[in-house]
Amino acid sequence: AFKWNISAQWAYLAPFSVNSVSFLVSTQFDQKKKVSTQKKKKIVVFFNSSSSRLSMARNREGLVLLVDIGPAMHSVLPDVEKTCSLLMQKKLIYNKFDEVGIVVFGTQETENELARDIGGYENIKVLRNIKVVDELVVDLVKRLPRGPMYGAGQKGKKRLCLITNAACPTKDPFEGTKDEQVSTIAVKMAAEGIKMESIVMRADASGDVDERIIEENDHLLTLFSTNAIAKTVYVESPLSLLGSLKTRRVAPVTLFRGDLEINASMKIKVWVYKKVAEERLPTLKMYSDKAPPSDKFAKHEVKIDYDYKVTAETSEVLAPEERIKGFRYGPHVIPISPDEMETLKFKTEKGMKLLGFTDASNILRHYYMKDVNIVVPDPSKEKSVIAVSALAREMRQTNKVAIVRCVWRNGQGNVVVGVLTPNVSERDDTPDSFYFNVLPFAEDVREFPFPSFSRFPASLKPDEQQQAVADNLVKMLDLAPSPKEEVLKPELTPNPVLQRFYEYLELKSKSTDAALPPMNEAFKRIMEQDPELSSSNKSIMDSFSGSFEVKENPKLRKASKRLLRDKPSGSDDEDNRMITYNANENSIDTVGDANPVQNFEAMMSRRDGSDWTDKAISEMKKRIVKLVEDSTTDEGDKALECLLSLRKCCVLEQEPKQFNEFLNHLYELCQEKKLSHFLEHFTSKKITMIPKSEAADSDVADEEAADFAVKQEPKFET
């Protein structure tokens, strides 16, 4: 058991026992006579069975890292070092006036002020007294010592972060039970406004771990969640540990405070915060070294001025009053003055208005745009809390969502329409709320029609064996295999681009010639497939690859378009190929003798007119008829290739009638001309008409299309 004591200047843990060895951890935030009330104070503890982090005040932060370096933590200390170094690197970028101190326990030696002054506090060492963050602290947390043993407030916001494996026994308290002690501590923490985050490492659990101890410690952590503002996160990998500790604090700022208007006579007071927003790289600024080194007040700013000229050759610069914005309208440019632009602006009033409700199934997932916001009731308005809760619970019960019109601030130049999704809390002390997503207008939706898979013939759909190997592949690459931890949870997965940037920036601060370090193995798991998983399931991967034909994809020119033509019914693998449409071939307007297939496909790809499809099909028909009439063995092969290309394009362009009528005409032509050699070649490829299963506009049934191959058999008299 441990007690958290907060007095005017001191915060300490007392007494706590791990592996039956008691210890007392104490740290003094500031030994100065007075400290500014505008400085946050924070303690972060890394140890085997408990830790703490206390943050105070608003502008600056005082951070003390309390790190358990005992034997049971040796396996995860490299990951703790990585996490702490990222925390320090971000402070150097975003919070360079924060103060940081480091205390380790489980050391062979004892070096701390309390041990010298009053005794006790053994096996605890102060590595760094609390002072302004600098590059040295980054090096210090990267090389934490390994200990051989375990040793035994002020105003502001406080946060306790516990990182532990919760696998070691805790000593029985001197009085009462462990549950009573923990509950007392939790109630005191809640009264002091201390928030607690528990990160429990469960990786590499050995056979010596006592499950009863783990269950007891998990139960004690649950008591914190019940009696205080606390949450517990279980992680199994170094990657999850990196993401579990928030290395940059972002103060919650409301986007909107106002009314959710149900109707003219009913309004609910709500606040809107960002729930998910992209974290970007720090803004890089241009820096000038032209200022004299002796000038202590030089800002080293770089200012950019633009000159506007009629042409690049002239030296005359246009004054601002001689310039005006213009918008293209067809071949013309329409000038619009600043006053006209101001008049054109959409005048809006701040507020959220309910437009109505709809089934959740009507709002498709791909409609969500931009960031996700959370709408919470005004915490000071009890009736607002009740009203939001009533709406959210009814919406969830009836599977409804709300459509709302939103303007976040007065004078905003645009209006958004969004959807409110109910978020019913599972905790009694957390109010119900809504998630808000912006919905697109008609101009924002991109529609790209593609042929339906249901229209494809059976030959183009996976068979049972192919489906089975695909099922095995999906099961093999499951990111949430029971009972293991789910991999790549968004809330536990750090951005490797950001982390790599912070790491390299720290190296560059020491040496301008610093080389880019190799990618951290933990971050590779974000960007690459797990090599252990792939190697242990190689047979499944090979089975999947062997069940589908894999062909080399030819390298295409930048300005070209690719369309994968589907293999038609009756064609062989030779004809199932990648067809390239080059955007620069818009000049082709006829199907020639040399490359009829390429010419035809280039014409089919043209989009500079509405009649190119019909013209291309007509040209190809003429070319096929000419090849058949002049039929030799080589010409017959070319005619057949053209016919296969025509069929594919007619399926994709949904022109089955043109192909089916032409196929009947071609059959009659061959009979009339007695071209038996071409019909034999024609029959061997089993080319059929396009049935309804391949093109919805076809009036040919599948049975009729299949019978066409029988009908083609040549029956000529000699």
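Rounded, prolate or oblate: which one fits the range 396-512, using the alpha carbon gyration tensor with axes a ≥ b ≥ c (rounded when a/c is under 1.5, else prolate when a/b beats b/c, else oblate)?
It is oblate, given that a/c is not under 1.5 and a/b is not larger than b/c.
Nearest 5 is fine: what % of DSSP beta bridges in the range 195-353 come out antiparallel, could you say?
DSSP beta bridges in the range 195-353 are roughly 60 percent antiparallel.
Pop out the ³J(HN,Hα) list for the range 393-407 in order, Karplus 6.51 cos²θ - 1.76 cosθ + 1.60 with θ = phi - 60°, rounded to Hz; leave Gly and Pro as x.
Once θ is set to phi - 60°, the couplings for the range 393-407 become 5, 5, 5, 5, 5, 9, 6, 10, 10, 9, 9, 10, 9, 10, 10 Hz.
Heads up, I need the accessible area for residue 455: 1.4 angstrom probe, whole protein in place, Å², nearest 10.
Its accessible surface works out to 80 Å², give or take rounding.
Could you list the residues of the range 396-416 with an amide nitrogen less than 19 Å from a label point located 7 Å from the Cα of residue 353 in the Cα-to-C-beta direction?
Output list for this probe position: 402-416.
Quote the FRET efficiency, to the nearest 0.05, computed for residue 452 versus residue 361 with a Förster distance R0 of 25 Å and r equal to the Cβ-Cβ distance.
Calculated transfer efficiency: 0.80.
At 1.4 Å probe size, with no ligands or nucleic acids counted, give the accessible surface of residue 375 in Å², nearest ten.
My reading of the accessible area for residue 375 is about 0 Å².
Take the Cβ-Cβ distance between residue 310 and residue 501 as r, set R0 to 30 Å, and report the resulting FRET efficiency rounded to the nearest 0.05.
It comes out at approximately 0.10.
Protein chains only, probe 1.4 Å: how do 328, 647, 525, 365 rank by accessible area, largest first?
So the residues, ranked largest to smallest area, are 328, 365, 525, 647.
What is the extension gain from residue 286 to residue 641, computed as 0.36 nm multiplied by their sequence separation minus the C-alpha to C-alpha distance, in nm to one decimal?
The residue 286-residue 641 span can extend by a further 121.7 nm.
Around residue 315, under 11 Å between beta carbons, what's the net of Lys plus Arg minus Asp minus Glu among the other residues?
Around residue 315, the surrounding residues sum to -2.
In what order, largest first, do 300, 366 sit by accessible area if the probe radius is 1.4 Å?
Per-residue accessible area, sorted high to low, gives 366, 300.
Between residue 444 and residue 625, how many nm apart are label points set 7 Å from Cα along the C-beta direction?
5.3 nm
So how do 143, 202 rank on accessible area, 1.4 Å probe, biggest first, that is with the largest at the start?
Descending accessible area places them as 143, 202.
Mind listing the long-range amide H neighbours of residue 63? Cut-off is under 5 Å, sequence gap 5 or more, other chains count too, H placed in the peptide plane at 1.01 Å from N.
Those qualifying (amide H under 5 Å, at least 5 residues apart or on another chain) are 42, 99, 100, 101.
Rounded to the nearest 10 Å², what accessible area does residue 266 show when all protein chains are kept and the probe is 1.4 Å?
90 Å²
Tell me whether the range 234-318 comes out rounded, prolate or oblate; compute the Cα gyration tensor, take square roots of the eigenvalues as a ≥ b ≥ c, and use a/c under 1.5 as the rounded threshold.
oblate
Between residue 251 and residue 295, what FRET efficiency comes out of the Förster formula 1/(1 + (r/R0)^6) with R0 = 25 Å and r the beta carbon distance, rounded to 0.05?
The computed FRET efficiency comes out at 0.15.
Between residue 209 and residue 533, what is the spin-label point distance in nm, taking each point 7 Å from the Cα along the Cα→C-beta axis?
Spacing of the two 7 Å Cα→Cβ label points: 2.0 nm.
Below 14 angstrom from the Cβ of residue 547, what's the summed charge of the other residues (Lys, Arg +1; Asp, Glu -1)?
Once positives and negatives cancel, what remains is -4.
Past 21 Å, Cα to Cα, is the threshold; run 303/510; 82/489; 91/131 against it and keep the listed order.
303/510, as the Cα separations exceed 21 Å there.
Below 12 angstrom from the Cβ of residue 403, what's the summed charge of the other residues (Lys, Arg +1; Asp, Glu -1)?
+2
The values are calculated or read from the model by the stated rules, or taken from the named source; none is laboratory data. Worth saying up front: this structure is predicted, and the values here are computed from it rather than measured. A quick note on method: Cβ atoms are made from the backbone with ideal geometry, for glycine too, and the neighbour counts reach across all protein chains shown. Please note that ligands, DNA and RNA were not included when accessible areas were found on the heavy atoms of the full protein model with its side chains. Shrake-Rupley method; radii C 1.70, N 1.55, O 1.52, S 1.80 Å.
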